[in-house]
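Below: one structure, written as structure tokens.
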Amino acid sequence: MAIYYEMKVICEKVGLSPKTIRVWIEEGLVNPQKEGRRWLFDEEDLRRLFLIRRLRDDLGVNLAGIDIILQLLDRISALEEEVNRLRRELGKITELPT
């Protein structure tokens with residue numbers, strides 16, 4: 001079962017203002033669930049917010065650069081999942097009796 005956090009809790013955990021997080025949501029950098037007028041963030045959203053903050057604050061990356069970095073990281077994750085899936089499939093084929 002996933003744990004969800006409301007905006008106030010997320011702001012405290014990440015050390016950001018609600019306005020900043022709303023801008024990042026509008027820019028598509030993070031995509032929390034919306035329930036009515038409330039945003040609900042899961043653990044993955046929380047990790048992503050920490051990463052965005054680090055890229056911005058520690059490395060000086062602007063929002064356009066952050067967007068590109070996040071897209072590349074998402075693509076790498078998808079490719080890693082695909083490689084793992086293909087390895088499992090290959091493992092099934094090589095385990096077949098001859």
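The values are calculated or read from the model by the stated rules, or taken from the named source; none is laboratory data. Since the structure is predicted, the reported quantities are computational estimates derived from the model, not experimental observations. Quick reminder, even Gly has a Cβ in these numbers, built from the backbone with ideal geometry, and neighbours come from all protein chains shown.
Residues that are among the polar types (S, T, N, Q) and within 16 Å of Glu26 (Cβ to Cβ) within the stretch 48-74 comprise just one, Asn62.
Filtered by the rule that a residue be surrounded by 11 or more Cβ atoms within 10 Å (Cβ to Cβ) and over 23 Å from Leu73 (Cα atoms), the stretch 24-63 gives Arg38, Trp39. Here Ile21 fulfils each of the conditions (1) of a type in the set (A, V, I, L, M, F, W, C); (2) within 15 Å of the chain's Cα centre (by Cα); (3) loosely packed, with under 12 Cβ neighbours inside 10 Å apart from (3). In the stretch 20-40, the residues that are of a type in the set (Ser, Thr, Tyr) never reach a residue that is surrounded by fewer than 12 Cβ atoms within 10 Å (Cβ to Cβ) with C-beta atoms less than 7 angstrom apart, at least six apart or across chains. Does Asp74 satisfy the criteria of being surrounded by 11 or more Cβ atoms within 10 Å (Cβ to Cβ) and in contact with a Phe, Trp or Tyr (Cβ under 6 Å, 6 or more places away or on another chain)? No, not satisfied. Here the stretch 77-98 is the region considered, the condition is being among the acidic types (Asp, Glu) and over 25 Å from the mean Cα position of the chain (by Cα), and the residue that is surrounded by the fewest Cβ atoms within 10 Å (Cβ to Cβ) is Glu95. You will find that of Arg38, Arg48, Arg56, Arg87, the residue that is in contact with a helix residue (DSSP H, G or I) (Cβ under 8 Å, 6 or more places away or on another chain) and at pLDDT below 95 is Arg38 and no other.
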